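Here it is: the structure, laid out below.
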There are 2 protein chains.
Amino acid sequence: MRKSKAETARTRNRIVETASDALRRNGISGTSLHELMSEAGMTHGGFYRHFDSKEQLIAEACSRGCDALLDTIRAAGSRSPDACPAGTSPGLAAIADTFLTPEYRDEDAACCPFVSFGSELARADAATRHAATEGMRRAIGLLEQEFHDGDMARMRAIAVFAALIGGGTLARIVDDPAFSDEILQAAKMLICRISRDATEGG
Amino acid sequence: MRKSKAETARTRNRIVETASDALRRNGISGTSLHELMSEAGMTHGGFYRHFDSKEQLIAEACSRGCDALLDTIRAAGSRSPDACPAGTSPGLAAIADTFLTPEYRDEDAACCPFVSFGSELARADAATRHAATEGMRRAIGLLEQEFHDGDMARMRAIAVFAALIGGGTLARIVDDPAFSDEILQAAKMLICRISRDATEGG
DNA sequence: CCATTTAGATGATGATCGTCATCATAAATT
DNA sequence: AATTTATGATGACGATCATCATCTAAATGG
């Protein structure tokens, strides 16, 4: 049942894409190759025609998940925010609005890798950690643009990213919806505050 | 080989304590009962004399890990900080100094549960999530005290906690030490900024 | 002091895991 | 057209997992 070169490449791509989704739904150790491959429409046997190991796939899927995150940040940044306190950058407010809402929190698959399996990434193999590091660099780079080369733009971008990931992670843990919403609000407020600091030169 | 009541209680306690450490080192799915019990100085067989399931132990160990976190926060809050920018609460600066240092980041076992297995907690069973939620409530309550009933004390305490967890999680992922240190610095700066806002009524 | 209960060791259970050998088949190459 | 190559299915491998049955010896309760 050999497939054409083009179709083989498409299959490989489909596995990575499927893994990227599955990881964000179930985490690294919660994702098995069996489940993964059948989700991609195949049996488990073909896996090693495309990858050397599960770890190699995880690294690639992590990178792919970061790409998706970047796209979401870009799309969010160019939207008009639900609410934008005076002095806050509209782009940052819109990004906070996108990632720190109950709807985004309750989504399983569209979630960002760092929220979905961030604590597992700290224990992952070198290649995966590297993919995550580079993804994080790019994400922070995007946020940095929102500060228009201002003073401490990079520092502030990192702070915003930490608030996004911290708030998102905690909100997903909490089993009390009101408390969880409070966390989202606090993180959103924090990000707007950082943005205001930048425009006011605080 | 039956043991006395007191010793049985001590054994059970030792298992929970061991699990609390193991969880913070290896995460939830990275911790097996085999490994756990032998770490506690026993074979795996005796486990079910003390617990109904692995999940039940995880929930208790999570609660215990939160207790340890609370103790660390309390101890940190009453220390004098390495550096304390003008207007920043010394307690908050000291807490940031404790949790956002390279030394704390590089420790395996003493780490806080939300950093160590926060993303796994979001997918854990109801009892574990509840234990985590209550632990988080208490941690935020402690931080809230640092704001002395000021305006939005609770909101700010949540923001500080999100910055701690977000910063700590990201710093542990990154494989570039300089970048990781940068993340710790940014999160620390953020927390000092929140503290200053409170004293200045910003 | 005897009968009962039980903590913890040993070892088996079935399920699931990552990985690999084999095979049929169809694309690629000659 | 003949030969080689490689995809993906089938199924097995050994390891590991949570859980449980059984056995022991010691603590408990009468």
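Over every pair of different alpha-carbon atoms in region B:1-122, take the mean of 1/r and invert it; report that Kirkwood radius in Å. The partial results should precede the final answer.
On the way: mean 1/r = 0.0627 Å⁻¹.
With all distinct Cα pairs of region B:1-122 included, I get 16.0 Å.
If you take the beta carbon distance between A:THR43 and B:HIS44 as r and set R0 to 41 Å, what does 1/(1 + (r/R0)^6) give as a FRET efficiency, to the nearest 0.05? Working shown, then result.
On the way: r = 33 Å, r/R0 = 0.82.
With R0 = 41 Å, the Cβ-Cβ based efficiency is 0.75.
A follow-up question, please. How many percent of the alpha carbon pairs in region B:67-108 exceed a separation of 16 Å? Could the numbers behind the result be given before it?
Values: 303 of 861 pairs.
It works out to 35 percent of all Cα pairs.
Kindly sort B:TYR104, A:TYR48 by accessible area of their heavy atoms, largest first, with the probe set to 1.4 Å.
On the way: B:TYR104 30, A:TYR48 135 Å².
Reading off the accessible areas and sorting them downward yields A:TYR48, B:TYR104.
Assuming R0 = 41 Å, can you tell me the calculated FRET efficiency for the pair B:ASP52 and A:ASP106, based on Cβ-Cβ distance, to the nearest 0.05?
Numbers: r = 30 Å, r/R0 = 0.73.
The value I calculate is 0.85.
While we're looking at this one, here's another question. With a 1.4 Å probe on protein heavy atoms only, tell me which residues of region B:130-151 lose at least 30 Å² of accessible surface in the complex relative to the chain by itself.
Listed in order, they are B:THR133, B:MET136, B:ARG137.
Tell me whether the protein assembly as shown comes out rounded, prolate or oblate; compute the Cα gyration tensor, take square roots of the eigenvalues as a ≥ b ≥ c, and use a/c under 1.5 as the rounded threshold. List each step's numbers first, then the result.
Details: a/c = 1.98, a/b = 1.07, b/c = 1.85.
Judged from the Cα gyration tensor, the protein assembly as shown comes out oblate (a/c at least 1.5, b/c at or above a/b).
Using the Cα gyration tensor of region A:54-200, with a ≥ b ≥ c the square roots of its eigenvalues, what is the shape: rounded (a/c below 1.5), prolate (a/b larger than b/c) or oblate (neither)?
On the way: a/c = 2.00, a/b = 1.32, b/c = 1.52.
Oblate is the answer for region A:54-200, as a/c is 1.5 or above yet b/c matches or exceeds a/b.
Just to be sure I understand the model, the point goes 7 Å from the Cα along the line to the Cβ. What's the resulting A:ASP149 to A:SER29 distance in nm?
For the pair A:ASP149/A:SER29, the computed spacing is 4.7 nm.
Rounded to the nearest whole Å³, what is the per residue volume of the convex hull around the Cα atoms of region B:107-187? Numbers along the way, then the final one.
On the way: hull volume 8.4 nm³, N = 81.
Per-residue hull volume (Cα only) is 103 Å³.
For the protein assembly as shown, with every protein chain kept in place, what is the accessible area per residue (1.4 Å probe, Å²)? List each step's numbers first, then the result.
Details: 17420 Å² over 404 residues.
Value returned for the protein assembly as shown: 43 Å² of accessible area per residue.
Mind putting a number on the dipole of region B:54-200 about its Cα centre? Charges go on the C-beta only, +1 for Lys and Arg and -1 for Asp and Glu, and I need it in Debye to the nearest 20.
Values: 15 positive and 23 negative charges, 76 e Å.
Rounded to the nearest 20 debye, it is 360 debye.
Still on this model: So what is the relative contact order of chain B, in percent, for Cα pairs below 8 Å that sit 6 or more residues apart? Walk me through the intermediate numbers first.
Working: 232 pairs, mean separation 48.1, N = 202.
Dividing the mean separation by the residue count of chain B yields 24 percent.
Tell me the relative contact order for region B:83-168 as a rounded percent, counting alpha carbon contacts under 8 Å between residues six or more apart. Don't skip to the answer; put the middle values down first.
Numbers: 44 pairs, mean separation 27.2, N = 86.
This gives 32 percent for region B:83-168.
Would you mind pulling out the separation of the Cα centroids of region B:109-162 and region B:1-68, in Å?
With region B:109-162 and region B:1-68 each reduced to a Cα centre, they are spaced 23 Å.
Sticking with this one: List the residue ranges in chain A for DSSP H helices whose C-alpha atoms run 27 angstrom or more along the long axis and whose Kyte-Doolittle average is -1.0 or above.
Values: long enough: A:5-26 (31 Å, -1.23); A:54-77 (34 Å, 0.07); A:126-145 (29 Å, -0.32); A:153-173 (30 Å, 1.21); A:177-200 (34 Å, 0.05).
Taking the DSSP H segments of chain A (at least 27 Å long, mean hydropathy at least -1.0), we get A:54-77, A:126-145, A:153-173, A:177-200.
Okay, next question. Under 25 Å between alpha carbons, and skipping anything fewer than 8 positions from A:LYS5 in its own chain: which lysines qualify?
Result set, ordered by chain and number: A:LYS54.
Moving on. Take the solvent-accessible surface of the protein heavy atoms, probe 1.4 Å, and return the percent of it on region B:1-113 that carbon and sulfur atoms account for. Intermediate results must be reported in sequence, preceding the final value.
Values: 2940 of 5760 Å².
Accessible surface attributable to carbon and sulfur in region B:1-113 totals 51 percent.
Here's another thing I want to ask about it. Between A:ARG138 and B:ASP176, what is the spin-label point distance in nm, taking each point 7 Å from the Cα along the Cα→C-beta axis?
That separation, rounded to one decimal, is 1.4 nm.
Between chains B and A, what is the buried accessible area in Å², counting both sides, with a 1.4 Å probe and ligands, DNA and RNA left out, to the nearest 100?
On the way: alone 10810 and 10810 Å², together 17420 Å².
Buried surface at the B/A interface: approximately 4200 Å².
Is it possible to state the helix-based mean residue ellipticity at 222 nm for chain B, with each DSSP H run of 4+ residues giving -39500 (n - 2.57), the sum divided by total residues, to the nearest 500 deg cm²/dmol? What is it?
Numbers: 9 runs with 142 residues, N = 202.
For chain B, the value works out to -23000 deg cm²/dmol.
Count the net charge of all other residues whose Cβ sits under 11 Å from the Cβ of A:ALA126, scoring Lys and Arg as +1 and Asp and Glu as -1. If you can, show how the numbers build up before the last one.
Values: positive: A:ARG129; negative: A:GLU55, A:ASP125, B:ASP175.
Here the count lands on -2.
The values are calculated or read from the model by the stated rules, or taken from the named source; none is laboratory data. On a predicted model such as this, the values are computed, not experimentally measured, just so you know. Backbone-built Cβ (ideal geometry, glycine too); neighbour counts: all protein chains shown. Each accessible area value is taken on the protein alone, full model and side chains, heavy atoms only, with ligands, DNA and RNA left out. Shrake-Rupley method; radii C 1.70, N 1.55, O 1.52, S 1.80 Å.
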